[in-house]
Amino acid sequence: MTNKGSQGGNTGARPTKAQRQEEARLKRLEIERQMAARKRNRKIGIALVVAAIVAVVAVVTLLPSKSPSTQAGTLPTMSALLSQADAAAKTAGCDAVVETPNYNNAGGADPLIDHAHIGVAPVLTEPALSTYPTVPPVSGPHANIPPGPLAAGIYDAPPDVYRAIHTLEHAGVVIWYSPAIASSPELAKIKEFYSQTANVGQSKVVIAPYDYPGTNGQLPKGIEMALAGWHRLQSCSAPSLAAAFAFASQYENPPAGGRTYIGVAREATSAI
């Protein structure tokens, strides 16, 4: 007689103990495999995040550094500076703008000696700075063309002072500063502001250290910034962007910030 219960390889029979143990082992292996995969994926994710952070830091480090005030839209406007000018001039210890005498105290409104060209009689050689009535000089014998007036711009070294006087005759403005304040944050603001081309321009403004040999080759004691126009001078005990702009905006021609030119330059419409 055939045993029917053995047909079909014990189909439908309960798993044996060995089969249950094998099934449990396989489940454990699958769980361990899944846990290992999740752990591996977490490590990969962390590594990718760290790599991204390192890449960002490297890019930022390699980019040219900029101070906050160099970012677009953070420089003061001309109107803002003019609104601050009076208070800023007081804080910076600025004297009132003064009208200066002619060279050699020559009489008359526009004597020849006050605008003589060096190299031509009666001024054949460069006069000593001590012969000029003010420090810095704002009129008097000056360099003729060539090389002509001093070009507008920011000078880290003292430029030709006799060319600078010629620039004043053409209605330029020179913002002189003491070399002792070369690292001043406020001086940096002045340079940064006048480095603009779109908002302010710098067609006739010079910024430079006043540092020359001999008597009158240094700014007077206690003066760190001197604002010079033709026959006009304002001295300040500290640098100030607002004070400098307020002066330059009306003694440079053309003026800036909606102001009117009030200088007396002999050749106000001439270029430099």
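Among bridges DSSP assigns within the range 127-272, what percent are antiparallel (round to 5)?
On the way: 10 of 17 bridges.
Taking every DSSP beta bridge with both residues in the range 127-272, the antiparallel ones total about 60 percent.
Peptides 161-167, 26-32, ordered by how many other C-beta atoms sit within 10 Å of their residues on average, highest first, read 161-167, 26-32. Taking one quarter of the surface of the convex hull spanned by the alpha-carbon atoms of the range 116-272 gives a direction-averaged projected area of 8.6 nm². Computed from phi, the 3J(HN,Hα) profile of the range 92-105 under the Karplus parametrisation 6.51, -1.76, 1.60 (θ = phi - 60°) reads 7, x, 7, 6, 5, 5, 10, 8, 9, x, 5, 4, 6, 6 Hz, with x in place of Gly and Pro. Modelled label-to-label distance, Ser195 and Ala36, 7 Å Cα→beta-carbon offset: nm? That separation, rounded to one decimal, is 5.9 nm. Scalar couplings 3J(HN,Hα) for the range 169-183, obtained by applying the Karplus form with A = 6.51, B = -1.76, C = 1.60 to θ = phi - 60°, are 4, 9, 6, x, 10, 10, 9, 7, 9, 6, x, 5, 10, 4, 9 Hz; x denotes Gly and Pro. Measuring nothing but protein heavy atoms, the accessible surface of the range 192-267 at 1.4 Å probe radius is 49 percent carbon and sulfur.
The gain in end-to-end length when the Val264 to Ser184 segment is fully stretched comes to 25.7 nm, 0.36 nm per residue minus the alpha carbon separation. How high is the FRET efficiency from Ala106 to Glu126, r the C-beta distance, R0 25 Å, rounded to 0.05? Given R0 = 25 Å and the Cβ-Cβ separation, E is 0.85. A 1.4 Å probe run over the protein chains yields, for the range 175-247, 36 Å² of accessible area per residue, whole-number rounding. Counting 0.36 nm for each residue step from Glu99 to Ala157 and taking away their Cα separation leaves a gain of 18.1 nm.
Backbone phi angles across the range 236-243, fed through the Karplus curve with coefficients 6.51, -1.76 and 1.60 (θ = phi - 60°), yield HN-Hα couplings of 10, 7, 8, x, 7, 5, 4, 5 Hz in residue order; Gly and Pro are listed as x. Per-peptide packing, taken as the mean over residues of other Cβ atoms within 10 Å, places 247-254, 16-23, 95-102 in the sequence 247-254, 95-102, 16-23 from highest down.
So how do 33-40, 114-121 stack up, highest first, on mean other-Cβ count within 10 Å? Show your work: numbers first, answer last.
Details: 33-40: 10.0, 114-121: 15.1.
The densest-packed peptide leads the list: 114-121, 33-40.
The values are calculated or read from the model by the stated rules, or taken from the named source; none is laboratory data. Predicted model, so just to flag it, every value in this text is computed and none were measured. So basically every Cβ, Gly included, is an ideal-geometry build from the backbone, and we count neighbours across all protein chains shown. Ligands, DNA and RNA are stripped out before the accessible areas are found, and what is left, the full protein with its side chains, is counted by its heavy atoms. Shrake-Rupley method; radii C 1.70, N 1.55, O 1.52, S 1.80 Å.
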